[in-house]
Amino acid sequence: MINALGLLKQRRFLPLFTTQFLGAFNDNLFKTSMVLFATYAIFNDARQEANFNALATGIAILPFFLLSALAGQLADSHDKAKIIRLVKSAEIGIMAFGAAGLVLARAGHTNLGVGLMLFAVLLLGTHSTFFGPIKYAILPQHLPPCDVLGGTGLVEAGTYLAILLGTVVAGWISIDGAAALVLVIAVVGWFAGRQVPPAPREGPPLKLNYNPFTASWRLISATMHIPRLFLAICAISFFWTIGSVLIIVFPPLVKNVLTADERVASAVIAVFSVGVAIGSVVINSMLKGKISAKYSPASVIAMGALVCVFSFLSRNWTPAPAGQLYGWAGFIAQPGSIAVLGTLLLIAVTGGMFVVPLYAFLTTTVEKDQTARTVAANNVVNAGAMTIGAFAVLFITGLGVTPEDMLFLVAGMCLVSAWIAQKLHRACD
């Protein structure tokens, strides 16, 4: 892992890492500010809050489902560094819409503000769709094979540390401050993106298919027939379906079950982000640079067990007095707070240990001129799975299922992920 951290000193990796870090920070700062504002200042009903979060999640995922195939083709047929610069330029305009939505919603123009914010979420999803394949596919092009797993782990760890910072800042900064900061970070990210070294097309010219449906179908068909890619993509998709459910459930759970304010909500999500970053680093050290699913089944089974523990801890939580919410000091003073935060941290650590080697499978199984399309195929399947997860939450919430009960669904999905990961381990290791 010392060697992997050494990549941060190299121009072939540091600008990409910085660009990805700032993009993830900005994306999460905006989305968390929006969700916390909607949860604590607009809605006053757990079902409405969960429905809004599910809607925002679905809107963010939709571009991945429709445009990932085109994004993968573009990344494999053009200089990836040039695409990064175009994407980062677009981020500045997207954040202008998002900032306007935040300011208008805070000023009382709720419908217009929420509309602009959700439109910005859709555009951010499009932004991430075109950047997503590149951040992994560019690594085998810039790094020697022995550094690909380490680079993947650092990108993943950096992403979740950025999510951590974005989440913490969103809980403490004012809405006007968030609106200004997302614009500033977008401009800084644009400068960082211009420093990424060239990554020209490799292999023969590629004829682009602009039809999102036929392109996606052909992309998936060309990828999923490879056994270890099929298994890796299925396992990752189940993992991110779990993630989409948790993203939707957490803010209402913190407000209505743990009876804590938005700063505690941001801290809870931040703890989760720290854990994934730790897991990303730990698994690289355990595998010593070898790309293997050896530890993935046990990791995700442990994650499922810890989710059940978290559900039981939530049920035994002492709520705040009626009409009040715990602040950070009041939350920490509760007898079960350390157990809650510790369990969340371990859930995230085991999740990071599960998913990082699977992403490394995607970028090392195929030729370098096909890596972006492989990641894009993964993104299409992931997006479909996450969309199903978001709609499932809407349906299950409509049946009156509480957030703490929803966690048992997550635990069951962890078992399915473990079964797929075990098949991958047996087939490829």
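The values are calculated or read from the model by the stated rules, or taken from the named source; none is laboratory data. Everything numeric in this text was worked out from a predicted model, so none of it was measured. Cβ sites come from the backbone with ideal geometry, for glycine too, and all protein chains shown count toward neighbours. Quick note on the areas: whole protein, heavy atoms, side chains included, nothing else; ligands and nucleic acids left out. Shrake-Rupley method; radii C 1.70, N 1.55, O 1.52, S 1.80 Å.
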Return the total of residues in region 280-319 being small (Gly, Ala, Ser) and at pLDDT 85 or above. 8
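Does Leu181 satisfy the criteria of being in a helix (DSSP H, G or I) and surrounded by 24 or more Cβ atoms within 10 Å (Cβ to Cβ)?
Working: in a helix (DSSP H, G or I): yes; surrounded by 24 or more Cβ atoms within 10 Å (Cβ to Cβ): no.
Criteria not met by Leu181.
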Just name the residue that is modelled with the highest pLDDT out of those in region 36-60 that are part of a helix (DSSP H, G or I), open to solvent by 30 Å² or more (accessible area, probe 1.4 Å) and of a type in the set (A, V, I, L, M, F, W, C). Ile59
With the checklist (1) at pLDDT 90 or above; (2) surrounded by fewer than 17 Cβ atoms within 10 Å (Cβ to Cβ); (3) small (Gly, Ala, Ser) in hand, flag the one item Ala107 doesn't pass. (1)
Taking Gln141, is it more than 24 Å from Ser285 (Cβ to Cβ), polar (S, T, N, Q), in contact (Cβ under 8 Å) with a residue 12 or more places away in the chain and surrounded by fewer than 18 Cβ atoms within 10 Å (Cβ to Cβ)? no
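In this structure, is Ala222 part of a helix (DSSP H, G or I), in contact (Cβ under 8 Å) with a residue 24 or more places away in the chain, surrounded by fewer than 20 Cβ atoms within 10 Å (Cβ to Cβ) and of a type outside the set (Val, Ile, Thr)? Full working, then the answer.
On the way: part of a helix (DSSP H, G or I): yes; in contact (Cβ under 8 Å) with a residue 24 or more places away in the chain: yes; surrounded by fewer than 20 Cβ atoms within 10 Å (Cβ to Cβ): yes; of a type outside the set (Val, Ile, Thr): yes.
Taking the combined requirement at face value, the residue satisfies it.
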Taking region 337-362 only, how many residues are in contact with a Leu (Cβ under 6 Å, 6 or more places away or on another chain) and either part of a loop (DSSP other than H, G, I, E, B) or not hydrophobic (A, V, I, L, M, F, W, C) (or both)? 1
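Test of understanding: among Ala100, Ala120, which residue is within 23 Å of Val188 (Cβ to Cβ) and under 18 Å from the mean Cα position of the chain (by Cα)? Talk me through it step by step, then tell me what you get.
Values: Ala100 fails: under 18 Å from the mean Cα position of the chain (by Cα).
Within the list Ala100, Ala120, the selection yields Ala120.
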Looking at Leu67, Leu22, Leu29, can you tell me which residue is touching a residue at least 24 places away in the same chain (Cβ under 8 Å) and either over 17 Å from Val188 (Cα atoms) or polar (S, T, N, Q) (or both)? Leu67
Among the residues in region 386-407, are any on the phi < 0 side of the Ramachandran plot, in contact with a helix residue (DSSP H, G or I) (Cβ under 9 Å, 6 or more places away or on another chain), among the aromatic types (Phe, Trp, Tyr) and open to solvent by less than 50 Å² (accessible area, probe 1.4 Å)? no
What are the residue pairs meeting all of these: first residue in region 196-215, first residue under 13 Å from Ala81 (Cβ atoms), second residue open to solvent by 50 Å² or more (accessible area, probe 1.4 Å), Cβ atoms under 7 Å, and 6 or more apart or on different chains? Pro197/Arg11; Pro197/Arg12; Arg201/His78
Keeping to region 203-219, report how many residues are outside any helix (DSSP H, G or I) and open to solvent by 70 Å² or more (accessible area, probe 1.4 Å). 4
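Among the candidates Ser314, Ser292, which residue alone is within 26 Å of Thr402 (Cα to Cα), open to solvent by less than 50 Å² (accessible area, probe 1.4 Å) and either among the polar types (S, T, N, Q) or touching a strand residue (DSSP E or B) at 6+ places or on another chain (Cβ under 6 Å) (or both)? Break it down into steps so the answer makes sense when it comes.
On the way: Ser292 fails: within 26 Å of Thr402 (Cα to Cα).
None of the others qualify; the one that does is Ser314.
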Unmet requirement for Pro197, which otherwise passes all of (1) assigned to a loop (DSSP other than H, G, I, E, B); (2) under 19 Å from Ala71 (Cβ atoms); (3) of a type outside the set (S, T, N, Q): (2)
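Give me a count of the residues in region 240-264 that are among the basic types (Lys, Arg) and either touching a Ser or Thr at 6+ places or on another chain (Cβ under 8 Å) or open to solvent by less than 20 Å² (accessible area, probe 1.4 Å) (or both).
From region 240-264, those among the basic types (Lys, Arg) are 255, 263; that's our starting set.
With either touching a Ser or Thr at 6+ places or on another chain (Cβ under 8 Å) or open to solvent by less than 20 Å² (accessible area, probe 1.4 Å) (or both) added as a condition, the list becomes 255.
Summing the residues that are among the basic types (Lys, Arg) and either touching a Ser or Thr at 6+ places or on another chain (Cβ under 8 Å) or open to solvent by less than 20 Å² (accessible area, probe 1.4 Å) (or both) in region 240-264 gives 1.
What tally of residues in region 304-331 results from selecting those that are of a type in the set (A, V, I, L, M) and within 27 Å of the chain's Cα centre (by Cα)?
Here is the first cut: in region 304-331, the ones of a type in the set (A, V, I, L, M) are 305-307, 309, 313, 320, 322, 325, 329.
Going one step further and asking which of them are within 27 Å of the chain's Cα centre (by Cα), we end up with 305-307, 309, 313.
Going through region 304-331 one residue at a time, the tally reaches 5.
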For region 337-365: of the residues being open to solvent by 10 Å² or more (accessible area, probe 1.4 Å) and not hydrophobic (A, V, I, L, M, F, W, C), which is nearest to the chain's Cα centre (by Cα)? Tyr359
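Just to be sure, is Leu67 open to solvent by 40 Å² or more (accessible area, probe 1.4 Å), at pLDDT below 90, under 24 Å from Ser33 (Cα atoms) and part of a helix (DSSP H, G or I)?
Numbers: open to solvent by 40 Å² or more (accessible area, probe 1.4 Å): yes; at pLDDT below 90: yes; under 24 Å from Ser33 (Cα atoms): no; part of a helix (DSSP H, G or I): yes.
Considered against the rule, which asks whether it is open to solvent by 40 Å² or more (accessible area, probe 1.4 Å), at pLDDT below 90, under 24 Å from Ser33 (Cα atoms) and part of a helix (DSSP H, G or I), Leu67 comes out as no.
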Just checking, which of Ile269, Ile278, Ile301, Ile248 is touching a residue at least 60 places away in the same chain (Cβ under 8 Å), part of a helix (DSSP H, G or I) and touching a Gly at 6+ places or on another chain (Cβ under 7 Å)? Ile278
